[in-house]
1. Looking at the stretch 49-73 only, could you name the residues that are assigned to a helix (DSSP H, G or I) and either out of contact with any Phe, Trp or Tyr (no Cβ under 6 Å at 6 or more places or on another chain) or in the same structural domain as residue 188 (by TED's automatic domain parsing) (or both)?
2. Scanning for something touching a strand residue (DSSP E or B) at 6+ places or on another chain (Cβ under 9 Å), modelled with pLDDT of 85 or more and closer than 30 Å to residue 20 by Cβ, does the stretch 138-158 turn up at least one residue?
3. If you check every pair at least six apart or on different chains, which have Cβ atoms under 7 Å apart with a residue in the stretch 193-214 that is not assigned by TED's automatic domain parsing to the domain that holds residue 63 and among the charged types (D, E, K, R) first and a residue that is part of a strand (DSSP E or B) and surrounded by 11 or more Cβ atoms within 10 Å (Cβ to Cβ) second?
4. Filter the stretch 70-94 down to the residues that are surrounded by 13 or more Cβ atoms within 10 Å (Cβ to Cβ), of a type in the set (Gly, Ala, Ser) and more than 16 Å from residue 125 (Cα to Cα), then identify the one that is modelled with the lowest pLDDT.
5. Under the condition of being within 19 Å of residue 62 (Cα to Cα) and of a type outside the set (A, V, I, L, M), which residue from the stretch 108-123 is modelled with the lowest pLDDT?
6. Residue 24 - would you say it is closer than 18 Å to residue 191 by Cα and surrounded by fewer than 18 Cβ atoms within 10 Å (Cβ to Cβ)?
7. Do you know which of the residues in the stretch 101-127 that are of a type in the set (S, T, N, Q) and more than 15 Å from the chain's Cα centre (by Cα) is nearest to residue 67 (Cα to Cα)?
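The values are calculated or read from the model by the stated rules, or taken from the named source; none is laboratory data. Note that the coordinates shown come from a computational prediction; the quantities given were computed from them, not determined experimentally. Reconstructed Cβ throughout: ideal geometry from the backbone, glycine too, with neighbour counts over all protein chains shown.
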Amino acid sequence: MEIWLNNISIPVLPSEYQVQSSQNNQSETIIGIGEVSLKGKRNLMTVSFSSFFPLRRNSSYCRRGSILKPLQYVDAIERMKQTGTVKLVITGSPIRMDCTIESFEWGENDGTGDIFYSISFKEYRNVGASKSSVAQDGLGESAPPADGANQETARTVPKVSTQEYIVKKGDTLTSIAKRLTGSSNWKPIYTANRAVIGGNPNRIKVGQKLVIPGG
């Protein structure tokens with residue numbers, strides 16, 4: 001899987017992404033029949049995920065190739081948010097659409113220079129136009145072809161495996177990472193479980209169930 005915003009590839013994949021799709025249906029009551037459902041049009045789709053921009057590239061969790069500095073990613077996304085629509089592509093999924101950036105929250109919380117962020121998108125419906133333009137920021141690479149256009153490349157993308165782990169007394173994210181992944185780098189585990197752990201990676205609790213990326 002890869003995630004692209006225009007021609008910028010997200011350097012560290014999130015452990016998951018959320019898609020919300022709803023239908024604008026209505027209910028009416030008809031005498032002699034009762035309540036009936038009238039099918040409406042599809043509402044705009046939303047997509048959201050969380051991850052981090054690393055200060056230094058680490059091959060154990062970063063995409064292949066060079067990466068930008070964290071604040072370069074932040075600046076590029078802020079410009080996308082202000083200037084118009086963004087082409088969002090998640091390879092290996094049906095998500096390939098023009099959208100707007102609805103929210104982008106980011107910050108540094110561990111003193112390493114890595115920037116953690118959460119971002120959400122809403123599908124853009126271009127009414128009355130035959131083509132939609134995609135803003136270019138000039139910092140990234142060529143966006144990937146549509147799924148199926150390059151079968152050889154698609155077959156070479158490795159799958160990321162995960163496992164679950166229950167926190168025990170005396171555990172830290174560093175000790176868990178070293179035991180289960182062979183590396184003391186705890187940040188991918190924290191990113192994948194931030195909703196469970198909370199804002200402080202040093203405060204894990206006995207009994208918490210963690211997802212271990214690459215485990």
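1. Result: 71, 72.
2. Taking the stretch 138-158 first, the residues touching a strand residue (DSSP E or B) at 6+ places or on another chain (Cβ under 9 Å) are 139-141, 143-144, 146-147.
Filter once more, keeping what is modelled with pLDDT of 85 or more: none.
Within the stretch 138-158 (the criterion being touching a strand residue (DSSP E or B) at 6+ places or on another chain (Cβ under 9 Å), modelled with pLDDT of 85 or more and closer than 30 Å to residue 20 by Cβ), the answer is no, since none of the residues qualifies.
3. So the pair list comes out as 194/50.
4. My answer is 93.
5. If we take residues in the stretch 108-123 being within 19 Å of residue 62 (Cα to Cα) and of a type outside the set (A, V, I, L, M), then 110 is modelled with the lowest pLDDT.
6. Here the answer is no, as residue 24 does not meet what is asked.
7. Taking the candidates together, the pick is 112.
Every residue, every condition in (1) free of Cβ contacts under 8 Å to residues at least 60 places away in the same chain; (2) part of a strand (DSSP E or B); (3) out of contact with any Gly (no Cβ under 8 Å at 6 or more places or on another chain); (4) more than 22 Å from residue 114 (Cα to Cα), yes or no:
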residue: 11; (1), (2), (3), (4): no, no, yes, no
residue: 14; (1), (2), (3), (4): no, no, yes, no
residue: 19; (1), (2), (3), (4): no, yes, yes, yes
residue: 28; (1), (2), (3), (4): yes, yes, yes, yes
residue: 36; (1), (2), (3), (4): yes, yes, yes, yes
